[in-house]
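Novice: Take a look at the following structure, please.
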Amino acid sequence: MKQIILAAPRGPCAGVNRALEIVEQALQKYGAPIYVNHELVHNRYVVEDLTRQGVIFSREPESIPAGSIYLFSAHGVSPTFRARVKNCDLHLIDATCPLVTKVHDEAKKFAVHDSYIFFIGHRGHPEVEGTMGVTKMHLVESVADVAKIDLKDISAENIFVLTQTTLSVDETTDIIAALKHKFPQIKTPPAKDICYATTNRQKAIKELAQLCDLILVVGSRNSSNSNRLVEAAERSGAKAILIEKLADVPESYFTNVKTLGVSSGASVPEVLVQQLISELQKMFSDIEIQNLEILKEKVIFALPTI
Ligand code: SF4
């Protein structure tokens, strides 16, 4: 191998940085343990590190000692779950990403009389569970799902579509186009729901795919945006693999690779990427490292008072 090209932007987004900062401040102010409803962000390294610092993940607020600190992860929660927590004697801190909250607010606005709301997302993802709990919505995961919708079942005047924040931009565009074809009157939110970080990382990896023989995406299996990066690279013609560490890459993958691309999901600390690079430098001598920066991100979210 001769060259490694690092995609930029990659790695942590403003929502993940905010959630981590909130937990850090909470640990400093209140001390351990701090309870969180779900993995704060979808990254094993981060979750294990937080566990060592005294963070406990629990979806059963009723079983947490009274007076404890309870935090909502960046993925957000449904109003029903929020109400459950409010009924417990807990000090609640909300680390929901503001861009997820924006989708919840759109759902509330669209939930008018005689409305029918489609939600494009992945079943079982915590963000999807949270957002779909805001009001009655109908999950669509693919263009094939749209084809199966029976027009006779939908008489509503007001038809809307919302999406999960971390989807494939291309796939979602196809699904929305299929929905628009079936329901020309369908209304979309004023600003796209797929967040800036997901969009930028996918744009960067698509450009990277033009230059590389193989792309390694650092991220955990349960991270939606990391999986979408692999798909975006593959759609652009590159071979790509999701890994947590170098040992996850079968050695045969490096055969005939001259240029290797590296990116990382929005929940992945940069230290993991740097660790991977130094291991690759040990494995292959004289590798040239380059950056492919398609834009600079300047998004920062304000912290809540905790
Ligand atoms: Fe927020 Fe996007 Fe980051 Fe999710 S990926 S936490 S929506 S900025």
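The values are calculated or read from the model by the stated rules, or taken from the named source; none is laboratory data. Not measured: the values here are computed from a predicted model. Neighbour counts are summed over all protein chains in view; Cβ atoms, including those assigned to glycine, are modelled from backbone coordinates with ideal geometry. The protein model used for the area step is the full one, side chains on, heavy atoms only, and it has no ligands, DNA or RNA in it. Shrake-Rupley method; radii C 1.70, N 1.55, O 1.52, S 1.80 Å.
Novice: Assuming 0.36 nm per residue, please report the length gained on full extension of the stretch Lys182 to Glu251 beyond their Cα-Cα distance.
Specialist: Going from the current span to full extension adds 20.1 nm.
Novice: Let's see if you can work this out: charge +1 on each Lys and Arg Cβ, -1 on each Asp and Glu Cβ, no other charges. What is the dipole magnitude of region 112-156 about its Cα centre, in debye to the nearest 20?
Specialist: 60 debye
Novice: Place a point 7 Å from Cα of Asp114 in the direction of its Cβ. Which residues in region 182-202 have their backbone N less than 16 Å from it?
Specialist: 185-187
Novice: Report, in debye and to the nearest 20, how large the dipole of region 1-148 comes out about its Cα centre when Lys and Arg carry +1 and Asp and Glu carry -1 on their Cβ.
Specialist: Using only the charged Cβ atoms, the result is roughly 240 debye.
Novice: While we're here: Could you tell me which of Leu246, Ile277, Gln202 has its Cα farthest along the dipole of region 180-305 towards the positive end, charges placed at Cβ (Lys, Arg +1; Asp, Glu -1), taken about the Cα centre?
Specialist: Gln202
Novice: Right, here's the next one. Which whole-percent values make up P(r) of region 1-123 when all C-alpha to C-alpha distances are grouped in 10 Å steps starting at zero?
Specialist: The calculated distribution, bin by bin, is 11, 37, 30, 15, 6, 1, 0.
Novice: Heavy atoms only, probe 1.4 Å: what % of the accessible area of region 94-216 goes to carbon and sulfur, would you let me know?
Specialist: It is 54 percent, rounded to a whole number.
Novice: Suppose all protein chains stay in the model; what accessible area per residue would a 1.4 Å probe give for the chain, in Å²?
Specialist: Per-residue value: 47 Å².
Novice: Rounded to the nearest 20 debye, what is the charge dipole size of the chain about its Cα centre when +1 sits on each Lys and Arg Cβ and -1 on each Asp and Glu Cβ?
Specialist: My answer is approximately 420 debye.
Novice: Show me, for region 145-153, the HN-Hα J-couplings you get by feeding each phi into the Karplus relation (A = 6.51, B = -1.76, C = 1.60, θ = phi - 60°), rounded to Hz, glycine and proline as x.
Specialist: Running phi through 6.51 cos²θ - 1.76 cosθ + 1.60 with θ = phi - 60° gives 4, 5, 4, 7, 5, 8, 4, 5, 7 Hz.
Novice: What value in Å³ per residue do you get for the convex hull of the alpha-carbon atoms in the chain?
Specialist: 145 Å³
Novice: Ok, one more. Along the Cα→Cβ direction, 7 angstrom out, place labels at Lys192 and Lys239. What is the inter-label distance in nm?
Specialist: 3.0 nm
Novice: For the charge dipole of region 1-76, defined by +1 on Lys and Arg C-beta atoms and -1 on Asp and Glu C-beta atoms about the Cα centroid, which residue among Pro65, Ala19, Tyr35 has the Cα displaced farthest towards the positive pole?
Specialist: Final value for the positive-end residue is Ala19.
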